[in-house]
Structure formats: C-alpha cells, structure tokens
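Read through the structure below, which is laid out as structure tokens, and then see the notes.
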C-alpha cells in the first residue's frame, strides 16, 4: 500500500481560508476612501443599500447597512461621482470582497455642480422656475414665518432687522439646515406653514423666509434637493429665499418668489421701513393738500366769474316778494267778486216747472195738428180748383191766374216790408242774450253779459263792456278776476 508523499503546503478548510483572507484584507487596508462613479444602486426592503463604485478600469461592489444610512451625510445616486469612506471586507458565501460604506461625500465641486445643473435643467423644463408662478410679496405683512435653525445667528439677524424697520409677529419653524435629513425638514416646514388655515389658533403667515448662513457647497446642498424645490413651488404663501452669502446661488432661489442675498436683506424685503413709509405718507399728504387747495382755488375763481354774470338776486327777490304781497292783498277781494258774479249768474237762471214743459209740448203738438189740418184743407182746395179749371175754358183760367198772382205779389211785398230780415239787410242787428231772448233796451244789459248779435249774413257772440254794474246799490265797481 502506497503512502501519500509528504508536502510542506499547508492545508486549509474553506471557512478557514475565507476567514484568513478576510482578516488579511481588513488588517492590511483598514479604513479606506474610495473615489468612483456610483452604479447598480439598489435599495432593499430591509433598509440596506447595495451599489458599485467604478472608474475607467475597474469596479468594486459596496454595501451600506441600514444602521449607517442615517449618518451618511448625503444619499447615493446613480451616475454621480462620490468618495466613499469605509472598510474592506469579504462576503464568504460568494467568495467576493466588498466595501462596507459608512460615509459618502461628493467628489469635489465639479460633481456637485454637475448634479445641481442636471436637476436645474429638469425642473426648468417642468416649469417650476417660470416667472408666471411668482407671487407678489405683501406690502405690510402681519405675520412672518421663518424656516431656519433656532440656534444660529440667522434668526437673530431677522428678528433685529424686523424690529428695527417695522415690528411684526414672527413664527419660527426650527429645522436642521445641513447634513442628513435637512432637506426633508425644510420641505416639511414649508408644507406645514402652507397647511395652516386662516383664522385658526395659530395665525397663518402672510410671507415666508427660508434662510441659512454661509457655507461650502456641500453645506448648502440641502437647498439644492428636489424635495425642497417642489415644496417651494407648491407653496401658496409668498416665499423669500436667503441661503448663503450674496455670491451663493442655490436652486431654491430659482423657485422662490423673491431672492435675497442675505437673511438681513430678506427681512428688509419682507417689511418696509416705518420711517420711510412715514416720510412717503407725509409727502403724499402734502401733495394731496396742495392738489386740493389748487382745486378749491380753481372752483372759487370759477364761482366768482359766474357770480359776475348773475343778476342782482336780492333785488329780484324783493320785487317778487312785493308782487306776492300785492297779489295776496287783492286775492280776497277777487274771490268775493267772483262768488258774487257766480251768484248773480245763478239768480238769472230759471228752471221751468215740468208742467210748463208738458204744456209747451202740448201746445206745439196742437200747433202741428192745426198746420196739418190747414195743409190738408189747402191740398183739398187745390185739387178742387184743379178740377174746376179743367172744366173751364183756357181764357177765363188765365185771367183768374193773373188776378191771383197780382194779389199774391202785393201780399208778398207787404210781408217783406214787415220782415226784420230786410231791416238787418240795411245794416241793423238783432241783439239777444245767452238764452236767445231779444234785448230791446240798453238798461237791460249788464257789464260783462254775454250777447248774441244776429246780422243779415250770420250770427256772432259778444260780451258787454258798458252797461249797469252787477253789484248792489252803493257798492264799488267790480274788480277784475285773478282766476
């Protein structure tokens, strides 16, 4: 039976060899800083983060345990060049080594600026930086909300500046302004202020100030995070950003409604200077007083010019007052005269008794009956004459007609001479009163009495001007009516 040849090569179990390799790597390298571009980033439900760091020639796998995530300083992103700090270890189940990361930081300002620029372009395309979204800062806010650290000098500068310019009520929402979780706290503070209902127990701010002091680009990275930019763009309260010094620019400045170079300048933008407002108000008041005085002088001059064109109003009033007194004195007498005339007119009226009307109508009917009887008699005589003439010879008939015509013409001449129409034709007139009765004497005519004058060719109406007055004996002549 052959025995195995003796050898000086040591023999290891698999676990022993893996442990030896692990101890060798950890003992040789210890803590290291590795620079590379992050790829293959994966977040597992357990909270651990797995990724790879690569450069132009090689790649190394890495892991961030859940317990180290909160202390990273910044969160990893695919495609970003970063410096990872940690230790080299092995994963014996798969016989591979990996970098256990406990801190991450950007690999210089170039990487940070590239990341910020890429985010800026993406948000710009979404319209979050459009000027149309900007809101107007109120002239004099009642409540000012401030998002910053409660321990820094920023809040003291803001309080001092507001108290000096125009004291207002300040609400502070304290947040961490750099490091892990700073961006989330700032975004939550902005959304919290925006969620305050008007008229509640906590007053709703009229303007917000998001402020931070100066620092490096890495210190200001919380205000370049997307979560903060979107919270600012969605806020309905006018917002002023004051992050860093005057030369520092962060993405929050593009999304805010107003950008201030420093926290002190932000406080100056939030409230006006009371002294300047008082001076402006005094100047405006003086200009208003001057304008009002000029307007009053112009109106006074216009009134003076109009006054010269007006008539003598007091004299006109005195004349009108005298005329009213005269009319008032004549009015009682005119009323008495009017009533007296109306009384006399009513006295002359005679209302016939119904029996007289019946008798008059009966007499008229009897007259018509007599005329009708006479007409029938004449018609009968005419017919008898016609019959008699037909029996007579023509000669005697003609002689009889001539005789009757001569008698008729004589009667007509006598009737014509006795008719009043021929008298009217010679220039005389028939005078009757308003009731149609003939007026034959001047003494029967009273002053103002209505008369009807009948001429040969027609009738006219007149009113007597002379004649006996209507008043009682011993009274003064009647005064003219005013009505």
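The values are calculated or read from the model by the stated rules, or taken from the named source; none is laboratory data. Since the model is a prediction, treat every value here as computed from it, not as a measurement. Every residue, glycine among them, receives a Cβ derived from its backbone with ideal geometry; neighbour counts consider all protein chains shown.
Residue 435: touching a helix residue (DSSP H, G or I) at 6+ places or on another chain (Cβ under 9 Å), modelled with pLDDT under 65, surrounded by 10 or more Cβ atoms within 10 Å (Cβ to Cβ) and not in a helix (DSSP H, G or I), yes or no?
No.
Out of the residues in the range 48-68 that are assigned to a loop (DSSP other than H, G, I, E, B) and surrounded by 13 or more Cβ atoms within 10 Å (Cβ to Cβ), which is farthest from the chain's Cα centre (by Cα)?
Restricting attention to the range 48-68, the residues satisfying the condition of being assigned to a loop (DSSP other than H, G, I, E, B) are 48, 55-58, 65.
In the following step, the residues that additionally are surrounded by 13 or more Cβ atoms within 10 Å (Cβ to Cβ) were identified as 48, 65.
On the way: 48: 62, 65: 65 Å.
So the residue we want is 65.
Which one of the conditions (1) in contact with a helix residue (DSSP H, G or I) (Cβ under 6 Å, 6 or more places away or on another chain); (2) modelled with pLDDT under 95 does residue 207 fail to meet, given that it meets all the rest?
(2)
Going by the conditions given, is residue 233 touching a helix residue (DSSP H, G or I) at 6+ places or on another chain (Cβ under 7 Å), under 17 Å from residue 263 (Cβ atoms) and either modelled with pLDDT of 90 or more or outside the structural domain of residue 186 (by TED's automatic domain parsing) (or both)? Give the derivation first.
Values: touching a helix residue (DSSP H, G or I) at 6+ places or on another chain (Cβ under 7 Å): yes; under 17 Å from residue 263 (Cβ atoms): no; either modelled with pLDDT of 90 or more or outside the structural domain of residue 186 (by TED's automatic domain parsing) (or both): yes.
It is false that residue 233 is touching a helix residue (DSSP H, G or I) at 6+ places or on another chain (Cβ under 7 Å), under 17 Å from residue 263 (Cβ atoms) and either modelled with pLDDT of 90 or more or outside the structural domain of residue 186 (by TED's automatic domain parsing) (or both).
For the structure I just gave you, tell me whether residue 232 is within 20 Å of residue 185 (Cβ to Cβ), surrounded by fewer than 16 Cβ atoms within 10 Å (Cβ to Cβ) and under 41 Å from the mean Cα position of the chain (by Cα). First the steps, then the outcome.
Working: within 20 Å of residue 185 (Cβ to Cβ): yes; surrounded by fewer than 16 Cβ atoms within 10 Å (Cβ to Cβ): no; under 41 Å from the mean Cα position of the chain (by Cα): yes.
Spelling it out, it is not the case that residue 232 is within 20 Å of residue 185 (Cβ to Cβ), surrounded by fewer than 16 Cβ atoms within 10 Å (Cβ to Cβ) and under 41 Å from the mean Cα position of the chain (by Cα).
State all residues of the range 263-275 that are in contact (Cβ under 8 Å) with a residue 40 or more places away in the chain and surrounded by fewer than 24 Cβ atoms within 10 Å (Cβ to Cβ); if no residue qualifies, say none.
264, 268, 269, 271, 272, 273, 274
Filter the range 197-211 down to residues that are within 33 Å of the chain's Cα centre (by Cα) and surrounded by 17 or more Cβ atoms within 10 Å (Cβ to Cβ) and give me whichever is farthest from residue 159 (Cα to Cα). Explain how you work it out, then say what you get.
Of the residues in the range 197-211, the ones within 33 Å of the chain's Cα centre (by Cα) are 197-200, 203-208.
Subsequent filtering for residues that are surrounded by 17 or more Cβ atoms within 10 Å (Cβ to Cβ) retains 204-208.
Values: 204: 18, 205: 15, 206: 16, 207: 15, 208: 14 Å.
Selected residue: 204.
Tell me, yes or no, whether the range 236-249 has at least one residue that is in contact (Cβ under 8 Å) with a residue 12 or more places away in the chain and over 25 Å from residue 163 (Cβ atoms).
Among the residues of the range 236-249, at least one is in contact (Cβ under 8 Å) with a residue 12 or more places away in the chain and over 25 Å from residue 163 (Cβ atoms), which makes the answer yes.
Per-residue answers, yes or no, for (1) at pLDDT 80 or above; (2) within 23 Å of residue 348 (Cβ to Cβ); (3) in contact with a strand residue (DSSP E or B) (Cβ under 6 Å, 6 or more places away or on another chain):
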| residue | (1), (2), (3) |
| --- | --- |
| 386 | no, no, no |
| 390 | no, no, no |
| 403 | yes, no, no |
| 410 | no, no, no |
| 414 | no, no, no |
| 421 | no, no, no |
| 449 | yes, yes, no |
| 460 | yes, yes, yes |
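Can you give me the ranges of the strands (runs of 3 or more DSSP E) entirely in the range 81-193 with at least 3 residues that are in contact (Cβ under 8 Å) with a residue 60 or more places away in the chain and within 16 Å of residue 211 (Cα to Cα)?
Fully inside the range 81-193 and qualifying: 143-148.
Residues 229, 209, 240: which one is under 23 Å from residue 120 (Cβ atoms) and in a helix (DSSP H, G or I)?
Result of the check over 229, 209, 240: 229.
Test residue 440 against the stated conditions and say whether it is modelled with pLDDT of 75 or more and assigned to a loop (DSSP other than H, G, I, E, B).
When the stated conditions are applied, residue 440 passes them.
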